Amino acid sequence: MPEICQKCGLIKEICSCDILEKEGTQRIRAYATKKKFKKLVTIIEGIDSSKLEQTSKELKQKRACGGTVKDGMIILQGDHTKQIKKLLVEIGYPEESITVLEGLQ
């Protein structure tokens with residue numbers, strides 16, 4: 001009897017779950033911008049909503065800054081674009097899916 005995939009219920013030979021998971025990897029964008037009173041903030045977009053709060057907490061602790069989660073984005077106080085890619089890779093996000101835009105947006 002052939003093996004059956006636990007995710008889709010099809011037999012393993014025709015299952016495409018692995019391919020779909022790789023294609024479904026979201027692009028993560030990080031950039032700095034100015035907000036009220038010309039204060040700099042770093043905005044990180046594209047993180048899965050189920051991991052948003054935990055990722056935000058870890059980034060705020062590692063950068064020793066304040067921040068919040070709004071509208072599916074992480075907003076950190078200050079310009080952290082030079083270090084954010086390294087921190088996201090340490091947390092476990094794939095390096096090839098992270099884009100950091102240098103300079104103000």
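Applying the selection to the stretch 68-90, what residues are touching a Lys or Arg at 6+ places or on another chain (Cβ under 7 Å) and at pLDDT 95 or above?
LEU76
So in the stretch 58-101, with the set limited to residues that are surrounded by fewer than 16 Cβ atoms within 10 Å (Cβ to Cβ) and touching a residue at least 60 places away in the same chain (Cβ under 8 Å), which one is farthest from LYS38 (Cα to Cα)?
Per the stated criteria, the residue is PRO94.
Within the stretch 14-28, identify whether any single residue is modelled with pLDDT of 80 or more, buried (at least 17 other Cβ atoms within 10 Å of the Cβ) and either part of a strand (DSSP E or B) or not acidic (Asp, Glu) (or both), and answer yes or no.
Checked against the condition, which is being modelled with pLDDT of 80 or more, buried (at least 17 other Cβ atoms within 10 Å of the Cβ) and either part of a strand (DSSP E or B) or not acidic (Asp, Glu) (or both), the stretch 14-28 yields at least one hit.
Scan the stretch 30-57 for residues that are of a type in the set (Phe, Trp, Tyr) and in contact (Cβ under 8 Å) with a residue 40 or more places away in the chain and report the count. Please lay out each step first, then the result.
From the stretch 30-57, those of a type in the set (Phe, Trp, Tyr) are 31, 37; that's our starting set.
Next, from what is left, pick out any that are in contact (Cβ under 8 Å) with a residue 40 or more places away in the chain: 31.
Final tally of qualifying residues: 1.
Residues are listed down the side, and each one gets a yes or a no for (1) touching an Asp or Glu at 6+ places or on another chain (Cβ under 6 Å); (2) over 20 Å from GLN26 (Cα atoms); (3) not in a helix (DSSP H, G or I); (4) not charged (D, E, K, R):
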site: THR55; (1), (2), (3), (4): no, no, no, yes
site: GLN61; (1), (2), (3), (4): no, yes, no, yes
site: CYS65; (1), (2), (3), (4): no, yes, yes, yes
site: THR68; (1), (2), (3), (4): no, yes, yes, yes
site: ILE75; (1), (2), (3), (4): no, no, yes, yes
site: LYS82; (1), (2), (3), (4): no, yes, no, no
site: LYS86; (1), (2), (3), (4): no, no, no, no
site: TYR93; (1), (2), (3), (4): no, no, yes, yes
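The values are calculated or read from the model by the stated rules, or taken from the named source; none is laboratory data. These numbers come from a predicted model, not from an experiment. Note that we place each Cβ from the backbone using ideal geometry, even for glycine, and neighbour counts take in every protein chain shown.
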